[in-house]
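Read the figures in this text as sums done on the coordinates, not as results from a lab. Not measured: the values here are computed from a predicted model. Glycine also receives a Cβ, built like all others from the backbone with ideal geometry; neighbour counts cover every protein chain displayed.
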Amino acid sequence: MVLKNNRLIVKALIATGISIILFFMLTVLSYFLHLEYRVNFKVGLPWTFYYQFLIDCEVQHGSDIINFIKDAFATWAFTVILWLIIKRKK
């Protein structure tokens, strides 16, 4: 029983590492997808958690920590569930 729990923990940790890599890849992808100009862009998939824009020749920016947490959690949950399903079949 303890050995099965350890394997499950190891699988969840590996999936967490993969989800971190996936999260950074999606963040970079969202940057390039929303890039209109060098000054105006948004970062975050599916929720925007950082944005930058130009108003009256001044660069403005903002962030939303709640959207960042939602993005990170959604990526983590999707990756862990998918990883556990794939590993369970083997």
Pairs of lysines 8 or more apart, or on different chains, with alpha carbons under 21 Å: count those in the chain, would you? 7
Starting with the fewest neighbours, write out 64, 71, 56 ranked by other beta-carbon atoms found within 10 Å of each beta-carbon. 56, 64, 71
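What does the charge dipole of the chain about its Cα centre add up to, to the nearest 20 debye, if the Cβ of each Lys and Arg holds +1 and the Cβ of each Asp and Glu holds -1?
Its charge dipole is roughly 1080 debye.
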Residue 60 versus residue 14: modelled label distance in nm, points set 7 Å from Cα along the beta carbon direction: 4.8 nm
Which one, 79, 46, 61, projects farthest toward the positive side of the charge dipole computed for the chain from Cβ point charges (K/R +1, D/E -1)? 79
For peptides 82-88, 39-45, sequence by mean Cβ density within 10 Å, most packed first: 39-45, 82-88
